[in-house]
Amino acid sequence: MVRSIHGLIIRMRHVPFLDSTGVHNLKEAIRNIQVGGTTVMLSGINQNVLKDLFMGESSNSLEDRIYFRSLPGLSAQQKK
């Protein structure tokens with residue numbers, strides 16, 4: 001019996017920065033996970049990492065399909 005995974009929480013609290021390779025690999029992993037219908041949540045993500053992660057993304061892209069937690073006061077405008 002194969003069980004499907006409905007959600008995945010990626011804990012980012014101890015990630016102070018991502019280089020370009022890390023950003024690329026994380027984006028690719030998230031896209032691959034979402035293809036199977038799994039919801040992805042980034043928990044405790046640093047604002048600088050968040051900005052790097054979505055740099056160059058268009059609307060209806062990765063940003064629109066990820067949920068965030070532990071970002072008090074971070075509006076949609078601040079993410080861009």
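Every number in this text was worked out from the coordinates using simple rules, so none of it is lab data. No experiment lies behind these values; they were computed from the predicted model shown. Don't worry about glycine lacking a Cβ; one is built from the backbone with ideal geometry, like all the others, and counts go over all protein chains shown.
Pop the C-beta distance of Met55 and Asn25 into the FRET formula with R0 = 22 Å and round what comes out to the nearest 0.05. Walk me through the numbers before you get to the answer.
Working: r = 15 Å, r/R0 = 0.68.
The value I calculate is 0.90.
Can you tell me how much longer the chain between Asn32 and Ile9 gets when fully stretched, taken as 0.36 nm per residue apart minus their C-alpha distance, in nm with one decimal? Mind dumping the intermediate values first?
Values: separation 23, 0.36 × 23 = 8.28 nm, distance 1.46 nm.
Separation in residues times 0.36 nm, less the Cα-Cα distance, equals 6.8 nm.
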